Amino acid sequence: MKKITIQHIKNLKSLKTSFPTITAYDYMSAKIVDEAEIPLILVGDSASMMIYGYDTTIPISMEEILLLTKAVSRGSKRSLIVADMPFLSYQPSIEETIKNAGKLMKEGGAAAVKLEGGVRIKQNVYALVEHGIPVLGHVGLTPQSYHQMSGYKVQGKNNQEAKQIIDDACALEEAGAFGIVLECIPEALAEKITNTLTIPTIGIGSGKKCDGQIQVFHDILGYSSDKPPGHAMQYDSLYSSVLKSVKKYKSDIES
Ligand code: KIV
């Protein structure tokens with residue numbers, strides 16, 4: 001089976017229809033996503049909550065995301081695997097950025113990495129691309145800045161914020177990113193950025209006008225006890241059906 005390439009993802013921008021992408025954090029979910037022919041899997045730092053049970057994406061470590069990336073790589077034969085760079089694995093210096101991104105590629109088997117931020121991480125992105133490490137950008141609501149943003153809120157609602165997000169997206173394209181996640185920004189702003197850039201935009205909570213969309217695996221399956229975010233597209237209720245099965249097993253054994 002042929003592996004999806006970065007060029008393939010870039011070409012999806014010219015499709016008339018939107019393309020789907022999704023997170024996965026382990027061998028079996030990666031196998032399922034691969035079999036469903038989803039072109040891109042993100043080993044997202046949302047694993048911080050979905051797998052490790054932390055409150056935000058801030059605590060997850062390089063070691064924790066590396067382990068999940070290895071498992072996803074073993075499960076996926078076709079999809080392009082992008083690994084999220086955890087909080088403070090790239091912000092401190094360009095050397096740290098390259099060392100940690102290199103680990104996710106060399107040891108984890110990822111084909112690319114994702115970093116949050118725009119203008120302020122332009123040099124990091126440029127250096128990664130120069131070293132042969134493809135980068136997916138991420139602007140708008142950047143969950144690693146949870147405290148700085150005073151919570152999860154739609155970003156870019158006023159002109160000043162909107163201009164900053166456009167500048168961030170353009171900086172990432174200039175630095176060589178092959179695509180950009182637009183999280184929780186108004187649809188009109190997402191459309192403007194999508195029409196301005198030559199690389200694909202991948203939206204989450206940013207309306208329908210992006211080139212592609214991304215959803216969190218556990219959200220689309222209803223596989224969490226927490227209330228999913230408003231933009232989650234839910235197709236199943238796994239949490240309650242798994243709970244029912246485990247309870248049935250318990251009562252079968254007990255009786
Ligand atoms: O970690 C994650 O799941 C993400 C997506 C929401 C884009 O960054």
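The values are calculated or read from the model by the stated rules, or taken from the named source; none is laboratory data. Note that the coordinates shown come from a computational prediction; the quantities given were computed from them, not determined experimentally. Cβ atoms come from the backbone with ideal geometry, glycine included; neighbour counts cover every protein chain shown.
Of the residues 201, 196, only one is within 15 Å of the ligand (Cβ to nearest atom) and of a type outside the set (A, V, I, L, M, F, W, C); which?
Numbers: 196 fails: within 15 Å of the ligand (Cβ to nearest atom).
Answer to the selection: 201.
Tell me yes or no: at least one residue of the stretch 241-249 is out of contact with any strand residue (DSSP E or B) (no Cβ under 8 Å at 6 or more places or on another chain), of a type in the set (Phe, Trp, Tyr), farther than 19 Å from residue 161 by Cβ and more than 12 Å from the ligand (Cβ to nearest atom).
First pass over the stretch 241-249, keeping only residues out of contact with any strand residue (DSSP E or B) (no Cβ under 8 Å at 6 or more places or on another chain): 241-249.
When the remaining residues are screened for being of a type in the set (Phe, Trp, Tyr), the result is 249.
Going one step further and asking which of them are farther than 19 Å from residue 161 by Cβ, we end up with 249.
Next, only the ones that are more than 12 Å from the ligand (Cβ to nearest atom) stay: 249.
The answer is yes; a qualifying residue exists.
How many residues, within the stretch 144-178, are of a type outside the set (Gly, Ala, Ser), under 23 Å from residue 105 (Cβ atoms) and surrounded by fewer than 23 Cβ atoms within 10 Å (Cβ to Cβ)? Quick ask: steps written out before the conclusion?
Step one: filter the stretch 144-178 for residues of a type outside the set (Gly, Ala, Ser), giving 144, 146-149, 152-155, 157-161, 163-168, 170, 172-174, 178.
After this cut, where a residue has to be under 23 Å from residue 105 (Cβ atoms) as well, the list is 144, 172-174, 178.
Checking which are surrounded by fewer than 23 Cβ atoms within 10 Å (Cβ to Cβ) leaves us with 173-174, 178.
Result for the stretch 144-178: 3.
Name the residue, out of 113, 125, that is buried (at least 20 other Cβ atoms within 10 Å of the Cβ) and either at pLDDT below 95 or part of a strand (DSSP E or B) (or both).
Answer to the selection: 113.
Could you give every pair whose Cβ atoms fall below 9 Å, whose first residue belongs to the stretch 172-194 and is closer than 11 Å to residue 129 by Cα, and whose second residue is among the acidic types (Asp, Glu) and assigned to a helix (DSSP H, G or I), counting only separations of at least 6 or pairs across chains?
176/130
Look at the stretch 10-25 and say how many of its residues are of a type outside the set (Phe, Trp, Tyr), within 13 Å of the ligand (Cβ to nearest atom) and assigned to a loop (DSSP other than H, G, I, E, B).
The number of residues fulfilling the criteria is 1.
Starting from residues that are farther than 16 Å from residue 86 by Cα and of a type in the set (D, E, K, R), keep the ones in the stretch 116-137 and report whichever is farthest from the ligand (Cβ to nearest atom).
Step by step, filter the stretch 116-137, then rank; the result is 130.
Can you find even one residue in the stretch 90-105 that is within 15 Å of the ligand (Cβ to nearest atom), hydrophobic (A, V, I, L, M, F, W, C) and crowded, with 17+ Cβ neighbours inside 10 Å?
Looking only at the stretch 90-105, we keep the residues that are within 15 Å of the ligand (Cβ to nearest atom), and these are 90, 104.
Restricting the remaining residues to those that are hydrophobic (A, V, I, L, M, F, W, C) gives 104.
Add one more test, that the residue is crowded, with 17+ Cβ neighbours inside 10 Å, and what stays is 104.
Taking every residue of the stretch 90-105 in turn, at least one turns out to be within 15 Å of the ligand (Cβ to nearest atom), hydrophobic (A, V, I, L, M, F, W, C) and crowded, with 17+ Cβ neighbours inside 10 Å.
For the stretch 206-221, what are the residues that are within 16 Å of residue 169 (Cβ to Cβ) and within 9 Å of the ligand (Cβ to nearest atom)?
Initially, the stretch 206-221 is screened for residues within 16 Å of residue 169 (Cβ to Cβ), giving 206-207, 209-212, 214.
If the condition is that a residue be within 16 Å of residue 169 (Cβ to Cβ) and within 9 Å of the ligand (Cβ to nearest atom), then 214 is the only one that fits.
Does residue 47 fit the bill of being under 27 Å from residue 211 (Cβ atoms), free of Cβ contacts under 8 Å to residues at least 40 places away in the same chain and surrounded by 19 or more Cβ atoms within 10 Å (Cβ to Cβ)? If you could, list the steps in order and put the result at the bottom.
Details: under 27 Å from residue 211 (Cβ atoms): yes; free of Cβ contacts under 8 Å to residues at least 40 places away in the same chain: yes; surrounded by 19 or more Cβ atoms within 10 Å (Cβ to Cβ): yes.
Spelling it out, residue 47 is indeed under 27 Å from residue 211 (Cβ atoms), free of Cβ contacts under 8 Å to residues at least 40 places away in the same chain and surrounded by 19 or more Cβ atoms within 10 Å (Cβ to Cβ).
Would a scan of the stretch 26-44 turn up a residue that is assigned to a loop (DSSP other than H, G, I, E, B), within 11 Å of the ligand (Cβ to nearest atom) and in contact (Cβ under 8 Å) with a residue 60 or more places away in the chain?
Keep residues of the stretch 26-44 that are assigned to a loop (DSSP other than H, G, I, E, B), which gives 26, 36-39, 44.
Checking which are within 11 Å of the ligand (Cβ to nearest atom) leaves us with 44.
Cutting the leftovers down to in contact (Cβ under 8 Å) with a residue 60 or more places away in the chain gives us 44.
Yes; the residues of the stretch 26-44 include at least one that is assigned to a loop (DSSP other than H, G, I, E, B), within 11 Å of the ligand (Cβ to nearest atom) and in contact (Cβ under 8 Å) with a residue 60 or more places away in the chain.
If we scan the stretch 204-217, do we find a residue that is within 26 Å of residue 51 (Cβ to Cβ) and among the hydroxyl-bearing types (Ser, Thr, Tyr)?
The answer is yes; a qualifying residue exists.
Would you mind stating whether residue 190 is more than 16 Å from the ligand (Cβ to nearest atom) and either touching a strand residue (DSSP E or B) at 6+ places or on another chain (Cβ under 9 Å) or over 22 Å from residue 7 (Cα atoms) (or both)?
Values: more than 16 Å from the ligand (Cβ to nearest atom): no; either touching a strand residue (DSSP E or B) at 6+ places or on another chain (Cβ under 9 Å) or over 22 Å from residue 7 (Cα atoms) (or both): yes.
The answer is no for residue 190.
For the stretch 63-74, indicate whether the set of residues that are in contact (Cβ under 8 Å) with a residue 12 or more places away in the chain and basic (Lys, Arg) is non-empty. Spell out the reasoning first.
The initial filter retains those residues of the stretch 63-74 that are in contact (Cβ under 8 Å) with a residue 12 or more places away in the chain, namely 64-66, 68-74.
With basic (Lys, Arg) added as a condition, the list becomes 70, 74.
Yes, the conditions are met somewhere in the stretch 63-74.
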